[in-house]
Amino acid sequence: MDVITDIATLRRRLAGESDIAFVPTMGNLHAGHLALVELARRHGRCVAVSIFVNPLQFGPHEDLAEYPRTLAEDLDKLADAHTDVVFTPDETTLYPEPQTVFVEPPPISMELCGATRPGHFRGVCTVVLKLFHIVQPRIAVFGKKDFQQLHIIREMVRQLDLPVCIVAGETVREADGLAMSSRNGYLKPEQRIEAPRLYRTLQQVVQMIREGCHDFARLEMQATESLTRYGWTVDYISVRNARTLLPATPEDGTLVVLGAARLGKTRLIDNIEFAL
Ligand code: PAF
């Protein structure tokens, strides 16, 4: 496995590779990331992973400084997963000067997570586009846990005619249902016990819809009230069309119920995609 920190060396290393499968990450790798690497292995001959905590996608009061950085452990895991190339740039490598050119993401990026994280998806799209130009993958793998991110990246690729095929990886969960996330490590023991309630609440919404309740606004409100009673601060619970991410209607074929909520200072997100 080659671990490369600068763009010129990376480009030289990848120059002869015609079938690169790329997994961009922010590190602190868990089984969810490793499942994406495994998926990449099935789609391309050369698996490249990037580890970069992208400051552009963090708001001024968010957890950029505390975000877990565990490079040595991450590299061990990637070597065990038979990764070919790991790109670990530092901030000045990717942003040698203040970034003034950005990708303007589609309007949906102002809703859901974008409503409480202004600029987040602009930062994500900008770094992902830069990484695509640097790595030049044939395919790139993103997790469905970040459902809105996956949707926005697909839109960016489609509308900017990027020659990259986006592959989606399933969410990997702990035994109690909690979606794996680097931010789960922030949870105090009692919060960790409470955390799977977000997924259970989304499951209840799905069940109610499948049983014929199509008053989505009422279901969203009930789910929000229920989580609030257990000490959560809810950013949103929302039932959407899984393809467009627009508010769902009973005529939509595939829906997704998405949620973002905080336990103390830890913000967790999750979603369930389902056919109506
Ligand atoms: O999902 C993530 O880890 C990040 O948003 C990504 C795609 C690596 C961009 O920084």
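Just so it is clear, none of the values below were taken in a lab; they were calculated from the coordinates. What you see is a predicted model, and the numbers here were worked out from it, not measured in a lab. Every residue, glycine among them, receives a Cβ derived from its backbone with ideal geometry; neighbour counts consider all protein chains shown.
Given the C-alpha centroids of the range 33-79 and the range 214-276, what is the distance between them in whole angstrom?
Taking the Cα centre of the range 214-276 as reference, the centre of the range 33-79 is 27 Å away.
Need the full-extension length gain, Arg200 to Glu73, defined as separation in residues times 0.36 nm minus the C-alpha distance. One decimal, nm. Please report the intermediate quantities before stating the final value.
Working: separation 127, 0.36 × 127 = 45.72 nm, distance 3.13 nm.
Full extension of this stretch gives 42.6 nm more.
Along each of its three principal axes, how wide is the spread of alpha-carbon positions in the range 148-276, in whole angstrom units, largest first?
46, 35, 24
Taking the Cα centre of the chain as the origin and placing charges on Cβ (Lys, Arg +1; Asp, Glu -1), which of Val135, Gly44, Gly27 is farthest toward the positive end of the dipole?
So the residue furthest toward the plus end is Gly44.
³J(HN,Hα) across the range 19-30 via Karplus (A = 6.51, B = -1.76, C = 1.60, θ = phi - 60°), whole Hz, x for Gly/Pro?
Taking θ as phi minus 60°, the curve returns 9, 8, 10, 10, 10, x, 9, 10, x, 6, 6, 10 Hz for the range 19-30.
Please state the shape class of the range 53-103: rounded when a/c is under 1.5, otherwise prolate if a/b exceeds b/c and oblate if not, all from the C-alpha gyration tensor.
Cα axes put the range 53-103 in the oblate bin.
Quick one: dipole size for the range 59-128, taken about the Cα centre, charges +1 on Lys/Arg Cβ and -1 on Asp/Glu Cβ, in debye to the nearest 20.
280 debye
In Å, what Rg and Dmax follow from the Cα atoms of the range 218-276?
12.2, 37
Kirkwood hydrodynamic radius, computed over distinct alpha-carbon pairs, for the range 105-163: how many Å, to one decimal? Write down the numbers at each step before the final one.
Details: mean 1/r = 0.0847 Å⁻¹.
Evaluated on the range 105-163, it is 11.8 Å.
Check which residues have an amide H placed less than 5 Å from Gly143's amide H, if you skip close sequence neighbours.
Close amide H contacts, sequence-distant or interchain: Gly169.
How fast does the chain diffuse by Stokes-Einstein, in µm²/s, taking the Kirkwood radius from C-alpha pairs at 37 °C and 0.692 mPa s?
168 µm²/s
Send over the Kirkwood Rh of the range 57-141, from the inverse of the averaged 1/r over different Cα pairs, rounded to one decimal Å.
15.2 Å
Along the positive direction of the dipole of the range 53-209 (beta-carbon charges: Lys, Arg +1; Asp, Glu -1; about the Cα centre), which of Leu75, Thr88, Tyr199 reaches farthest?
Tyr199
Grab the other residues whose beta carbon is less than 14 angstrom from that of Ala261, score K and R as +1, D and E as -1, and report the net. Please report the intermediate quantities before stating the final value.
Details: positive: Arg117, Arg183, Arg197, Arg200, Arg229, Arg262, Lys265, Arg267; negative: Glu194, Glu220, Glu225, Asp235, Asp270.
Result for the neighbourhood of Ala261: +3.
Using the eigenvalues of the Cα gyration tensor, what equivalent ellipsoid semi-axes result for the range 51-193 when each is taken as the square root of five times the eigenvalue, whole Å, largest first?
Values for the range 51-193, descending: 24, 20, 18 Å.
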